[in-house]
Amino acid sequence: MMEFIIEKVGMSRTISVPSTPVTLLKVVKAKVCEVNEKGGALVAYSGSKQQNKAISGQQKKFGLSAEFNHFATLGKVANKEAGDLDVSSLDGAKVLQITFKSKGRGFSGLIKRHGFAGGPAAHGSRFHRTSGSIGNREWPGRVQKGRKMAGHYGNETVSVRNSVVSFDASSGILVVKGSVSGANGALGRVRIVK
């Protein structure tokens, strides 16, 4: 199961009839620094303009240019030695497991977070977007565990399986069927399932 670092470009659709919703992903250009005996690898890729002594030391150790300033460990790569990351295995891929952080929505109420209906909008009901009753009076006399309440929503790691529509090796654009979690421009990982 080869693994790659990807950037979400955005959503589109095919021009066939009926059209298919697709997500465009760009395979991030990466350099393999070292490969372990199990086929995993330490890779370097270009991210922000971040630079410090630790990054400089790693760049000097592996002979990298200043643009490669982020490092990650991939579970399995096609490369047997250091160099450019081999992406040729994506040509024959049919199904991918794609992992991204979902969009963070901060502290959200019940209606946004869990899809609760809420109350009447007018006429003095005084019950609009609040939670309403959350427990029982006499027994058990407390709020049950697992009760859906307002709280932190989003910013969680989400993995989905999507089928591959196409892959352009020259531009590194990967087109998959359906939607993928995360904001446009976010970095995630893709793993070949079959």
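Checking 171, 133, 166 one by one, the residue that is in the same structural domain as residue 34 (by TED's automatic domain parsing), loosely packed, with under 15 Cβ neighbours inside 10 Å and assigned to a loop (DSSP other than H, G, I, E, B) is 171 and no other. Among the residues here, residue 103 does not qualify as exposed (fewer than 11 other Cβ atoms within 10 Å of the Cβ), under 23 Å from the mean Cα position of the chain (by Cα), of a type in the set (Lys, Arg) and modelled with pLDDT of 90 or more. Only one entry of 150, 93, 121 meets the criterion of being among the aliphatic types (A, V, I, L, M) and closer than 20 Å to residue 27 by Cα, and that entry is 93.
The residues in the range 110-130 that are of a type in the set (Lys, Arg) and not in a loop (DSSP other than H, G, I, E, B) can be counted, and the count is 2. If you check 4, 71, 100 for being of a type in the set (Phe, Trp, Tyr), farther than 21 Å from residue 160 by Cβ and part of a strand (DSSP E or B), only one passes: 71. Cβ-Cβ distances below 6 Å connect the following pairs, each with a first residue in the range 16-34 that is within 19 Å of residue 78 (Cβ to Cβ), a second residue that is hydroxyl-bearing (Ser, Thr, Tyr) and buried (at least 17 other Cβ atoms within 10 Å of the Cβ), and a separation of six or more residues or different chains: 28/45; 30/45.
Within the range 80-93, one or more residues are under 17 Å from residue 4 (Cβ atoms), in contact (Cβ under 8 Å) with a residue 12 or more places away in the chain and assigned to a strand (DSSP E or B).
Does residue 183 satisfy the criteria of being of a type in the set (A, V, I, L, M, F, W, C), assigned by TED's automatic domain parsing to the domain that holds residue 92 and in a loop (DSSP other than H, G, I, E, B)?
So residue 183 passes the test.
Annotation: residue 143 fulfils all but one of (1) of a type outside the set (S, T, N, Q); (2) at pLDDT 85 or above; (3) over 25 Å from the mean Cα position of the chain (by Cα); (4) within 25 Å of residue 174 (Cβ to Cβ); the unmet one is (4).
The values are calculated or read from the model by the stated rules, or taken from the named source; none is laboratory data. What you see is a predicted model; the values in this text were computed from it and never measured. Reconstructed Cβ throughout: ideal geometry from the backbone, glycine too, with neighbour counts over all protein chains shown.
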